[in-house]
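Undergrad: Here it is: the structure, laid out below.
The values are calculated or read from the model by the stated rules, or taken from the named source; none is laboratory data. The structure presented is a predicted model; accordingly, all values stated were derived computationally and were not measured. Keep in mind that these areas ignore ligands, DNA and RNA; they rest on the heavy atoms of the full protein, side chains included. Shrake-Rupley method; radii C 1.70, N 1.55, O 1.52, S 1.80 Å.
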Amino acid sequence: MTAGTGGRFVTGLRLMLAGLGLALFVVWMSSSPADTGVRDATAAQPPPAGRIIFGHAGDIWVAEGGGLAPLTQGGRYWGQADWSPDGSRVALIGWGQNATDLFVLDPSAEQWRQLTRGQQRRLADNEWVYYPRWSPDGEQIAYLSDRNSEYAMLWTIRPDESGARQLLNVRSGLGALDSLSWSPDGTKIAVTGF
């Protein structure tokens, strides 16, 4: 899968994830048309370097070195995983009965830390947490939550569960925030609203 746009070429790598019935496409940019073309991981070639983390059927999985392994197995419905910048931990969302919570997992030690507590006694008080994203220095996790508002707003928290704070409270005109991304230097967070 290749497309040229403004002197840049997009190349795709198709990975067939055996046993899961999934096809995963990895896309990267190149300035040379010679670097483009579909590369099918089912063909005889070395697997791509690095790790890919993804959600499937309520669990978090890792594809690495041609292998596939689950990071979570049941207990909750897991999703929206994000590797820490040093690759040692994963921020992820766990769905409860009527709420979601933010967790940090250290896969090598199989240790969990629950950072938010959304499940409340009254259903109307339950909180929803979405889209965790590590800061570039790994010191904070930005996420969206409806903790103090009707709609999801921007929050940050430290991976040790301290320092939770709401960064943005959108005034009328925008009902909620939807996605976020840190600047490379970690001094800004871009968010979309609707």
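Undergrad: How would you classify segment 113-167 from its alpha-carbon gyration tensor, with a ≥ b ≥ c the square roots of the eigenvalues: rounded for a/c under 1.5, else prolate if a/b is greater than b/c, otherwise oblate? Numbers along the way, then the final one.
TA: On the way: a/c = 2.53, a/b = 1.71, b/c = 1.48.
Prolate.
Undergrad: Over segment 69-133, with the other protein chains present, what is the accessible area per residue in square angstrom, probe 1.4 angstrom?
TA: On the way: 3590 Å² over 65 residues.
Accessible surface, normalised per residue, equals 55 Å².
Undergrad: Assuming a ≥ b ≥ c are the square roots of the Cα gyration tensor eigenvalues, decide whether segment 57-194 counts as rounded (a/c under 1.5), prolate (otherwise, with a/b larger than b/c) or oblate.
TA: Values: a/c = 1.87, a/b = 1.30, b/c = 1.44.
Here segment 57-194 falls in the oblate category.
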